[in-house]
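Derivation of every value follows stated rules applied to the coordinates shown; laboratory data play no part. Remember, predicted model here, so these are calculated numbers, not experimental data. Cβ sites come from the backbone with ideal geometry, for glycine too, and all protein chains shown count toward neighbours.
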Amino acid sequence: MKKENDVLILDLNSTTPVYTAYFSDALNKVGFNSKIFGKKRVYETKHLDYLDFDYIENIFCISNKIKNNTLKKILEIVEYFINWLNVLFLSKKYKIIHIQWLPLTKYFVLWDYLMVFLLLKINNNVYYTVHNVIPHNNKSKRIRNNYKKLYKLLPNLVVHTQSTKEKLNKDFNINENKILVSAHGPIYHQLKNDSISRKEKTVGIIGNISKYKRIEDSIKAIKSLHNEGIDVNLIIAGSGPNKYVKKLNKLIKTTDLNSSVKIINRYLDIQEMLEWYQEIRGLLVTYEEIEMSGAVMTALPLGTPVIAYDVGGLNEVIENNYNGRLVKKGDIKGIANSIKWILDKDESELSLNCKKSIEKFSWRDIAKSLKETYLANI
């Protein structure tokens with residue numbers, strides 16, 4: 001028998017297993033019994049034993065045993081199809097279904113659309129978190145239309161910022177009454193290592209290396225500072241496509257920054273990633289577009305200020321001249337000046353500002369707000 005506090009969280013491909021774990025833990029702490037249906041990424045969640053989250057065991061997954069990349073990708077698609085059918089069966093046992101990602105929509109909307117349509121026939125208490133209105137590095141009309149169809153179909157959309165809500169309403173003609181703003185909570189801060197000290201003149205870009213992050217702009221900002229005689233280092237750490245990394249290395253070479261800009265192009269385990277966040281004086285977020293950034297919500301609770309382009313909903317988290325700086329997109333000089341601002345500020349004071357600024361984004365408050373919405377719609 002369904003209970004009002006039973007929530008099924010869907011992240012079939014484990015697109016963001018860490019976020020999903022924090023999300024599930026928050027719901028459980030305010031009285032829900034939530035379960036995650038998705039592939040386990042143990043290497044990403046093994047350090048999160050302080051959280052209360054649990055996966056449903058009967059997910060179909062054999063691709064993790066395959067080494068051939070082509071075969072692996074084919075099997076992952078087959079798994080996705082099969083696991084969606086499992087969702088339709090499981091949905092009868094849960095009062096609330098909360099979908100985190102529908103990654104196939106980007107390529108082929110019909111399957112996700114059909115599955116959501118059938119899911120709503122079984123259980124209409126369905127929520128979908130719009131982490132990104134449109135996937136990164138994708139601006140085609142076809143992909144935009146795919147997501148618009150899905151947003152129209154879904155009865156409840158959850159977004160992390162007011163900016164995203166306004167975008168869905170204005171650009172996709174989505175009724176604002178079915179859009180709930182629910183903040184992105186801080187992540188990883190419980191794993192902070194207090195023995196790590198900051199590198200005096202180092203800023204960084206931590207996480208996946210991708211085109212939408214406009215990493216070239218950060219490199220150019222470092223060059224601008226060097227032209228002023230200011231010695232600053234930039235660390236770019238994370239995995240990315242070789243073609244893009246080669247392009248960045250070429251820019252580093254042509255700007256004569258080989259000794260000042262370092263790219264670490266590989267997967268970072270959690271401990272190494274957090275060490276970088278705690279060693280740099282500031283995180284650079286020169287993104288083309290973003291709704292909300294997990295990198296920002298990792299940096300600030302660790303006391304690391306953020307310099308970012310003023311895009312999406314970042315201005316709802318970054319407070320100018322308090323926990324970081326917001327710069328107009330494309331303003332290389334503005335990024336350079338903001339780096340100087342961070343280096344000139346008292347490190348302890350700025351770090352404390354970052355930690356204080358994130359207190360209003362507590363997971364408990366996020367979950368309590370969701371609880372009110374869930375129960376009101378049952």
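Before moving on, here are some points about what is shown:
- Expected-Rg normalisation [2.2 N^0.38 Å, Cα atoms] applied to segment 50-140: 1.21
- Sum of -39500 (n - 2.57) over DSSP H runs of 4+, divided by residues of the chain (222 nm, nearest 500): -13000 deg cm²/dmol
- Estimated Rh, the chain: Kirkwood, alpha-carbon pairs, angstrom: 21.8
- Qualifying GluC sites (Glu not before Pro) in segment 135-213, DSSP loop, other Cβ atoms within 10 Å at most 11: Glu200
- Estimated inter-spin distance, Ser239 and Arg142, nm [label 7 Å along Cα→Cβ]: 2.7
- For the residue pairs Lys199/Lys356; Lys211/Lys250; Lys139/Lys211, alpha carbon separations beyond 18 Å are given by Lys199/Lys356.
- Along principal axes, Cα extents of segment 300-358, largest first, whole Å: 29, 25, 14
- Flagged links, alpha-carbon separation over 30 Å, of Lys92/Lys360; Lys29/Lys201; Lys73/Lys141; Lys35/Lys148; Lys170/Lys213: Lys92/Lys360; Lys29/Lys201
- Shown for Arg266, Arg41: other C-beta atoms within 10 Å of each C-beta, ranked fewest to most, produce the order Arg266, Arg41.
- The trypsin sites (Lys or Arg not before Pro) of segment 322-378 meeting both criteria, a DSSP state outside H, G, I, E and B (loop) and at most 11 other C-beta atoms within 10 angstrom of the site's C-beta, are Lys328.
- In segment 189-360, the inverse of the mean reciprocal separation of distinct Cα atoms equals 15.8 Å; this is its Kirkwood hydrodynamic radius.
- For the chain, the longest principal axis of the C-alpha atoms and the axis of helix 242-254 are separated by about 20°.
- Residues Asp231, Asp217, sorted so that the one with the fewest Cβ neighbours within 10 Å comes first: Asp231, Asp217
- Take every DSSP beta bridge whose two residues both sit in the chain; close to 0 percent of them are antiparallel.
- Tilt relative to the chain, helix 347-357 - C-alpha long axis, 0 to 90 degrees, to 10: 20
- Here Val126, Val296 are placed in order of increasing Cβ neighbour count within 10 Å, fewest first, which gives Val126, Val296.
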